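**Student:** Structure in structure tokens, see below.
The values are calculated or read from the model by the stated rules, or taken from the named source; none is laboratory data. Note that the structure is a prediction, hence the values are computed from the model and not measured. Because the Cβ atoms are built from the backbone with ideal geometry, glycine has one as well, and the counts that use them run over all protein chains shown. The accessibility values were calculated without ligands, DNA or RNA, using every heavy atom of the protein model including side chains. Shrake-Rupley method; radii C 1.70, N 1.55, O 1.52, S 1.80 Å.
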Amino acid sequence: MPTPPPADVIEPHLHANEVQTRDEFDQQLATGRLTGLTVQGLRLDLAPVPDLTGVEVTGTLFVGCRFASREVGADLVRRGANVVPPFSGLPYPTQPAHLYSAEELAAGFVEGGFAGMYDTRVYEHYRAHGGALPDVKEALGQRLHDHGVDNALADATRAWLTEHGPQSVVGIMGGHAVRRGSPAYRMAAVLGWELARADRLVVTGGGPGVMEAANLGAYLADHPAAELTAAIDLLATAPDFTDHQRYTAVALTVRQRYAGVPRQRGADAGWARAGGLAIPTWLYGHEPANLFAGRIAKYFSNAIREDTILRLARGGIVFAPGRAGTVQEVFQAATKTYYGTDGVSGAYVFLDRAYWTRELPVEALLRPLLAASPFGDLSATIHLTDDVREAVHLLTT
């Protein structure tokens, strides 16, 4: 029988030897020693260009950094540093220093439409270089990128988890094909709105449908319910995500319309109550970007992305109606709960009792499975409801 890995294997670590901002770099540079440090994704070619000639760099790793010239990088290697430069010809950074924002993913839409967006250009590059089975150079670039996203995600969530604890992070899963304006979409949006207002960090898979609705609710958490309804009504004028151009244009219109509300509620809660977190993947890049999350951890690897969502959502998971992908997530989450892989799990809340007991009778399989956990009967974590407010109550008390 598998046993949980030790806590130090799965918990995020704070690596004191990583330098990820120019301010940190300049402070270290002033000591004259960068020995043993990892310098990640910095533009060291921009003014003021640092003078590295007299600095001790034995064992220093520069990954994804840009230098004023190739000779600078070569000199660092001669003096004992390891340099992994940004890969040429890639439309994405090989060591992103921060999570994506909606503005970054949508960059280029105004000038070039959906095809001109950063998000679309990366996806087309991904397809052209083998998709999920890339060539060697592309595979290395993607792995470096996804490691950078891992790092940035740990940085972005550290303050929130320190203040609120892991039980404050709630995942919302459900069908990607749910149309804007539908009852299921509105229900998921209200759920995200209520949870964000209750100081829960909403985490979704970053796609359309239920996922977009939940991030939208969190994005409008500081607005009255009537404005959430109005925003959904506007989005419903472009209900189908396969109409990429209109779908994206209306989302950007809603963002612009509701961008003026103050967001600062402490260092972490600003973005948590301005959309929460989305964790999408370019494997599903044929679906337009969900532009309502406050932070976006976009991966190439779908396997890493799925595990990351479930690892973070220790405060419980809501499963809205969905098909094969959602059912996969149910049992992937159940495996973690059964073995205690990531620690104590929160509630499993299934929205739409009839759907989950008759159309796809997941509960009938899940309840006896969790009842047989080596950690005791965990079947009480399963709840079915048709009421969003009951779902919020289960996740916040």
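**Student:** Suppose every Lys and Arg Cβ carries +1 and every Asp and Glu Cβ carries -1, with no other charges. What dipole size does the chain come out with about its Cα centre, to the nearest 20 debye? It would help to have the intermediate numbers written out before the result.
**Tutor:** Values: 34 positive and 43 negative charges, 53 e Å.
About 260 debye.
**Student:** Tell me the angle of helix 362-371 to the major Cα principal axis of the chain, expressed in degrees between 0 and 90 and rounded to the nearest ten.
**Tutor:** Long axis of 362-371 versus the principal axis of the chain: about 70 degrees.
**Student:** 5 Å is the cut-off here: which amide hydrogens, built 1.01 Å from N in the peptide plane, fall below it relative to Thr38, excluding neighbours closer than 5 in sequence?
**Tutor:** Excluding prolines and chain starts, which carry no amide H, the hits are Glu18, Val19, Leu61.
**Student:** Report the full-extension gain for the segment Arg79 to Ala364: residue separation times 0.36 nm, less the Cα-Cα distance, to one decimal in nm. The partial results should precede the final answer.
**Tutor:** On the way: separation 285, 0.36 × 285 = 102.60 nm, distance 6.35 nm.
Full extension of this stretch gives 96.2 nm more.
**Student:** Sticking with this one: Can you send over the carbon and sulfur percentage of the accessible area for the chain, probe radius 1.4 Å, protein chains only?
**Tutor:** Ligands and nucleic acids excluded, carbon and sulfur reach 57 percent.
**Student:** To continue, here is another question. Using packing as a proxy for protection, rank 314-322, 348-356 so that the peptide with the highest average count of other Cβ atoms within 10 Å comes first.
**Tutor:** Sorting 314-322, 348-356 by mean packing, highest first, produces 314-322, 348-356.
**Student:** What is segment 127-271 by shape, rounded, prolate or oblate, if you read a ≥ b ≥ c off the alpha carbon gyration tensor as root eigenvalues and call it rounded for a/c under 1.5, prolate for a/b larger than b/c, and oblate otherwise?
**Tutor:** Oblate is the answer for segment 127-271, as a/c is 1.5 or above yet b/c matches or exceeds a/b.
**Student:** If R₀ is 51 angstrom, what is the calculated FRET efficiency for the pair Glu71 and Ser379, using the beta carbon separation as r and rounding to 0.05?
**Tutor:** 0.20
**Student:** If you take every DSSP beta bridge fully contained in the chain, what fraction is antiparallel? Give it as a percent rounded to 5.
**Tutor:** So the antiparallel bridges amount to about 5 percent of the total.
**Student:** Label segment 19-131 by shape, choosing from rounded, prolate and oblate, from the square roots a ≥ b ≥ c of the eigenvalues of the Cα gyration tensor; if a/c is under 1.5 it is rounded, and otherwise prolate applies when a/b is larger than b/c, oblate when it is not.
**Tutor:** prolate
**Student:** Across segment 312-318, in residue order, what do the Karplus-derived ³J(HN,Hα) couplings come to in whole Hz, using 6.51 cos²θ - 1.76 cosθ + 1.60 with θ = phi - 60° and x for Gly and Pro?
**Tutor:** 6, 7, 7, x, x, 9, 9
**Student:** Okay, moving on. Relative contact order for the chain using alpha-carbon pairs under 8 Å, separation at least 6, rounded to a whole percent?
**Tutor:** 15
**Student:** Another one. Compute the convex hull volume of the Cα atoms of segment 313-397, divide it by the residue count, and report the result per residue in Å³ as a whole number.
**Tutor:** Once divided by residue count, the hull of segment 313-397 is 80 Å³.
**Student:** Right, here's the next one. For the residue pair Glu390 and Arg323, what label-to-label distance in nm results when each label sits 7 Å from Cα along the Cα-to-beta-carbon direction?
**Tutor:** In this crude spin-label approximation the distance works out to 2.8 nm.
**Student:** Which of the listed residues, Ala128, Pro50, Gly80, is farthest toward the dipole's positive end in segment 30-144, when Lys, Arg count +1 and Asp, Glu count -1 at the beta-carbon?
**Tutor:** Positive-most Cα among the choices belongs to Gly80.
**Student:** Roughly how many Å² is the accessible area per residue of the chain, as a whole number, for a 1.4 Å probe?
**Tutor:** So the chain comes to 43 Å² accessible per residue, rounded to a whole number.
**Student:** Taking the simple approach of a point 7 Å from Cα along Cα-to-Cβ for both Asp23 and Asp45, what is their distance in nm?
**Tutor:** Each label point lies 7 Å from its Cα, and together they span 2.6 nm.
**Student:** Another question about this same structure. Pull out the extension gain between Ala354 and Thr335, defined as 0.36 nm times the separation in residues minus the alpha carbon to alpha carbon distance; nm, one decimal.
**Tutor:** Stretched fully, the Ala354-Thr335 segment lengthens by 4.4 nm.
**Student:** Provide the packing ranking of 63-69, 359-365, i.e. peptides ordered by the mean count of other C-beta atoms within 10 Å per residue, highest first.
**Tutor:** Highest mean packing first, the order is 63-69, 359-365.
**Student:** What value does the chain have for Rg/Rh, both radii from Cα atoms and Rh as Kirkwood defines it?
**Tutor:** 1.00
**Student:** What is the extension gain from Ala177 to Ala230, computed as 0.36 nm multiplied by their sequence separation minus the C-alpha to C-alpha distance, in nm to one decimal?
**Tutor:** 17.0 nm
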